[in-house]
Amino acid sequence: MKIDIWSDIRCPFCYIGKRKFELALDQFEHKDKVEVEWHSFELDPLLQTRLDVDAYDYLADRKGLNREWSIQLHDQVTQSAAEVGLVYNFDKAITANSFDAHRLIQFAKTHNLGDAAEEALFKAYFTEGVNISDHSELTAIGVGIGLDGKEVETILSTEAYTEDVKKDGIQAQKLGIRGVPFFLINDHVAVSGAQATEVFLDSLKKAWTQYETSTNADNADGMCSTEGNC
């Protein structure tokens, strides 16, 4: 069973959603038959890396609200992250464009390290305050998950995997995805947002039932039967 996930490294709910999804997957009896693929989604493609603008001011400016409001909202998100064992340090987070981080993930996917890249980049951004647009930092992250440093350096210094990132964005538009995280299970069951673990588990079970039904129909009739889409 295939699960496609769209996310952005800069999205705090994407990391929380990843963890809640993983908790559900651990409880899913058919988890050994599940394939997960991560897809790129840029929340702010035009964002310029700004070392002088912290996470609080960035969101306040983007929403046209004050810094105090932004701090309160970030505190709430930090608490939500803590509930699933994640540590968010927004006071250390660097306002950075995520495009090259997405290119790193695309490269990691060719080595079956897409999930490892997502996890490492989320932790780097939200917990460790790493500049995820800095090529030396991205190279270190790549090496940390088992990629060849020289290959990562070469990729980041060129336009490699640019089209892959863009294709994911185009696919998201075609599917009507306007926010992340977004989970599409077997092209049939969609889950939007960092839902409760129980929601993910129910969705996995629902998709599996549909999968079994269509497989049985295919075996009986020689035709593939599928219903519904996101």
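The values are calculated or read from the model by the stated rules, or taken from the named source; none is laboratory data. Keep in mind it's a predicted model, so treat the numbers as computed, not measured. Cβ coordinates were reconstructed from backbone atoms using ideal geometry, including for glycine residues, and neighbour counts include every protein chain displayed. Protein only, heavy atoms only, side chains kept; ligands, DNA and RNA dropped before computing areas. Shrake-Rupley method; radii C 1.70, N 1.55, O 1.52, S 1.80 Å.
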Rounded to the nearest 10 Å², the 1.4 Å probe accessible area of GLU128 is 90 Å²
Over segment 13-59: Kirkwood hydrodynamic radius from C-alpha pairwise inverse distances, Å
13.9 Å
Tell me, what is the FRET efficiency for ASP57 and GLU35 to the nearest 0.05, using R0 = 41 angstrom and their Cβ-Cβ distance as r?
0.55
Helix 197-221 vs. the chain, principal-axis angle (Cα, 0 to 90°, nearest 10)
40 degrees
Semi-axes (Å, rounded, descending) of the ellipsoid equivalent to segment 1-100 per its C-alpha gyration tensor are 29, 17, 10
If Lys and Arg each add +1 and Asp and Glu each add -1, what is the summed charge of the other residues whose beta carbon sits under 15 Å from the beta carbon of GLU163?
-1
How far, in nm, would the chain grow between ASP148 and LEU43 when pulled straight, counting 0.36 nm per residue and subtracting the alpha carbon separation?
35.0 nm
Could you calculate the contour length gain from LYS206 to ASP75, that is, 0.36 nm times the residue separation minus the distance between their Cα atoms, to one decimal place in nm?
43.7 nm
Among the lysines, which fall within straight-line cross-link reach of LYS92, defined as a Cα-Cα distance under 27 Å, with same-chain neighbours fewer than 8 residues apart omitted?
LYS18, LYS20, LYS63, LYS123
For the chain, take the longest principal axis of its alpha carbons; what is the angle in degrees between that and the long axis of helix 67-82, to the nearest 10 within 0 to 90?
50 degrees
Once the other residues with Cβ under 13 Å from the Cβ of LEU59 are scored (Lys, Arg +1; Asp, Glu -1), what is the net sum?
-1
Find the Rg to Rh ratio for the chain, where Rh is the Kirkwood radius over alpha-carbon pairs and Rg uses the same atoms.
1.00
Can you tell me the convex hull volume per residue for segment 74-144, based on C-alpha atoms, in Å³ to the nearest whole number?
83 Å³
Helix 162-175 sits off the longest principal axis of the Cα atoms of the chain, rounded to the nearest 10 on a 0 to 90 degree scale, by 60 degrees
For a quick check of understanding: with a 1.4 angstrom probe and all protein chains in place, what accessible area in square angstrom does PHE107 have, to the nearest ten?
10 Å²
Would you mind giving the average projected area, over all directions, of the Cα convex hull of segment 120-182 in nm² with one decimal?
5.1 nm²
What does the charge count around ILE145 come to, taking other residues whose C-beta lies under 12 Å from its C-beta (Lys +1, Arg +1, Asp -1, Glu -1)?
-2
